[in-house]
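Chemist: Structure incoming, see below.
The values are calculated or read from the model by the stated rules, or taken from the named source; none is laboratory data. Since the model is a prediction, treat every value here as computed from it, not as a measurement. For neighbour counting, all protein chains shown are included, and Cβ atoms are generated from backbone atoms with ideal geometry for every residue, glycine included.
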Amino acid sequence: MKIAMVQRNPLVGDLQGNAAKIKESCEKARELKADLVVFSELVLTGYPPLDLLEREAFIQATLRMKEQLIREIHGIAVLFGYVAPNPSPEGPRLLNAAVLAENGVILGEFRKTLLPQYDVFDECRYFAPGTPGAPVSYKGLRLGITLCEDAWNTGHIPQENRYATDPVAAIAPCCDLLLNLSASPFHVDKVALRDRLFSGIAKAYGIPVIEVNQAGANDTLVFDGLSTAYGPDGEVWARAGAFGEDLVLVDTDSGKGDIRPLPEDGLDQIRLALVTGIRDYLHKCGFSKAVVGSSGGIDSALVLALAVEALGPENVISVFMPGPYTAAENFEDTKKLAENLNIRLDVLPIEESMKAMAASSPIFDIKSHGITEQNLQARIRGTFLMAYANRYNAMALPTGNKAEMAVGYSTLYGDMNGGLAVLGDVSKTRVWDLARRINERAGFARIPERIIEKAPSAELKPDQKDQDDLPPYEAVDAIVALHVEECEDAEAIIGRGYPEAFVRDVIRRIQYNEYKRQQAAPVIRITSKAFGYGRRYPMACRYSW
């Protein structure tokens, strides 16, 4: 049987647009002589639909669109994800579902059994668990159909055993082919983890396994696509492209199909995830332009380079706002960076604004260089940046990295202003690595080497350096990763050999600055635990680590 694996980039709630993409892909697959076209989990609604699922009008519109698709798609069988009503009076009123249909006839309906309730997932809020569906016969093959998490409790990857049942074990022994419809968001190492999982399932049961994943980004979640077909020996038969929409054929009789190249390595996956996150978040929110406050430092330079790759240089504005403590080299570096990226650069000094603010109230003492006066500079810059966003119908992109967000090395209503925290889940060491990778790909110093090499500084008082107030970023990054992503306490991290003073200082700052992060722009998620709704931590908290 020839199967078309289709990964689309749905927009949450856009039932008309998502349905049009489904029909378009079915037409193309039919032209390519496919027998069956398979889409991702909840492709009709887009994933995750969140509290849209509490709206009855949305549910009814979804069901009508599902029926319309079944009526209108002919000449090919189609399998796609949607939202179904729960027939039971008990539990949540919805089911995470999929339907297999051909020529207006439903061949089978399937319900997600395992509902993830951790990190960014909150499916028990909306869905009741289904039961493993019996295999359905099509073209002489017994098809087993599962939905995303249903395949993640098989024991083929090292992770916490979260469920008492294994839906794959319930149906795979009776199948000739296992299909999995996924909306599996990207994080570092996820691509290799998913390969290990589905390859292991294929080998364990001696049957082909096809996983079709969502692509693109919705809000803070990025989906890498890379839909893959595995043979009974676990080898890859076919693979779709990374992060973007694609249609790939696989022939289950010959075991042959199209294989798109993987990203070069994990660092390139992160770069593509950030570019995808910027592009989709802005475009899906109705923006085409971005404005970035450029400081001459590495973080703003990287955000500008990623924004250019996502949106095009004509849609990115760099605003350099020098203050009284801005080094002369930063005037040169911001200009050189803008020239290399071929973007607009506006220079807007803030010293006169500082003087005007100081003259307006006795609470400011510019000569003191205190925190109040330092934050005044950041807030003037933040105000100007938002004015640019208003004037040009652009989205401002704050430039703080994960280390800075963790320890609160940022100013609320100042440099935190903006609509999307591009680097909020990117460690400082990864920021440097990504900048160098961008230069390698360009074949020249697209981000000037001096920007990469200079010591980080907020330049809010004379001769200021980040490391005057913080441990080395390499230590901060490691402690943040262990405490936030691995949930290790201070004693465990100290036991790994990190200085006790560093560890307790960083953890104290992480805990204290939760109130800032709750007000920060949404963060593009690229690790297993990003700041945002995947990490639900109390702002008022007295627990001592």
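Chemist: Which one of these does T411 not meet: (1) under 13 Å from I298 (Cα atoms); (2) buried (at least 18 other Cβ atoms within 10 Å of the Cβ); (3) not aliphatic (A, V, I, L, M)?
Modeler: The single condition T411 does not satisfy is (1).
Chemist: Give just the number: which of (1) touching a helix residue (DSSP H, G or I) at 6+ places or on another chain (Cβ under 9 Å); (2) at pLDDT 95 or above does H156 not satisfy?
Modeler: So the condition that H156 fails would be (2).
Chemist: What's the total number of residues in the stretch 297-316 that are within 19 Å of G400 (Cβ to Cβ) and not in a helix (DSSP H, G or I)?
Modeler: The initial filter retains those residues of the stretch 297-316 that are within 19 Å of G400 (Cβ to Cβ), namely 297-307, 310, 316.
Filter again for not in a helix (DSSP H, G or I), leaving 297, 316.
So the answer is 2.
Chemist: Go through the stretch 339-353 and give me each residue that's surrounded by 14 or more Cβ atoms within 10 Å (Cβ to Cβ) and assigned to a helix (DSSP H, G or I).
Modeler: Within the stretch 339-353, N340, L341, E351, S353 meet the criteria.
Chemist: Return yes or no: is S227 modelled with pLDDT of 95 or more, buried (at least 19 other Cβ atoms within 10 Å of the Cβ), closer than 30 Å to A378 by Cβ and not β-branched (V, I, T)? Spell out the reasoning first.
Modeler: Values: modelled with pLDDT of 95 or more: yes; buried (at least 19 other Cβ atoms within 10 Å of the Cβ): yes; closer than 30 Å to A378 by Cβ: no; not β-branched (V, I, T): yes.
Here the answer is no, as S227 does not meet what is asked.
Chemist: Kindly state which strands (runs of 3 or more DSSP E) lie completely within the stretch 36-142 and contain at least 3 residues that are surrounded by 13 or more Cβ atoms within 10 Å (Cβ to Cβ).
Modeler: Hits in the stretch 36-142: 36-38, 77-85, 94-102, 105-111.
Chemist: Pick from the stretch 369-400 the residues that are among the small types (G, A, S) and not in a helix (DSSP H, G or I): which of them is nearest to D425 (Cα to Cα)?
Modeler: G400
Chemist: Looking at the stretch 256-268, I want the residues that are outside the structural domain of N439 (by TED's automatic domain parsing) and have a partner that is crowded, with 16+ Cβ neighbours inside 10 Å and of a type in the set (S, T, N, Q) with Cβ atoms under 8 Å, at least 6 apart or on another chain. Which pairs are those?
Modeler: So the pair list comes out as P263/Q269.
Chemist: Looking at the stretch 168-189 only, could you name the residues that are within 19 Å of I259 (Cβ to Cβ) and out of contact with any Phe, Trp or Tyr (no Cβ under 8 Å at 6 or more places or on another chain)?
Modeler: L177, L179, S182
Chemist: S457 passes all but one of (1) outside any helix (DSSP H, G or I); (2) over 27 Å from the mean Cα position of the chain (by Cα); (3) over 23 Å from V523 (Cα atoms); which number fails?
Modeler: For S457, the exception is condition (3).
Chemist: Do any residues in the stretch 529-545 that are aliphatic (A, V, I, L, M) and modelled with pLDDT of 85 or more have Cβ atoms under 6 Å from those of residues that are surrounded by 10 or more Cβ atoms within 10 Å (Cβ to Cβ) and in a loop (DSSP other than H, G, I, E, B), where the two are at least six apart or on different chains, and which pairs are they?
Modeler: Sorted first by the residue in the stretch 529-545, then by its partner, the pairs are A530/D425; M539/Q518.
Chemist: For A20, are the conditions met, namely being under 28 Å from V250 (Cα atoms) and under 25 Å from the mean Cα position of the chain (by Cα)?
Modeler: Against the criterion (under 28 Å from V250 (Cα atoms) and under 25 Å from the mean Cα position of the chain (by Cα)), A20 qualifies.
Chemist: Any residue at all in the stretch 473-493 that's among the hydroxyl-bearing types (S, T, Y) and under 26 Å from L376 (Cβ atoms)?
Modeler: yes
Chemist: Can you pull out the residues in the stretch 203-215 that are in contact with a Phe, Trp or Tyr (Cβ under 8 Å, 6 or more places away or on another chain) and either surrounded by fewer than 24 Cβ atoms within 10 Å (Cβ to Cβ) or not aliphatic (A, V, I, L, M) (or both)?
Modeler: P208, E211, N213, Q214
Chemist: Just to verify a result, which residue in the stretch 354-383, among those that are crowded, with 19+ Cβ neighbours inside 10 Å and aliphatic (A, V, I, L, M), is nearest to G296 (Cα to Cα)?
Modeler: Ranking the candidates gives A378 first.
Chemist: Same structure, new question: Based on this model, can you work out whether A101 counts as at pLDDT 95 or above, within 20 Å of T165 (Cβ to Cβ) and aliphatic (A, V, I, L, M)?
Modeler: no
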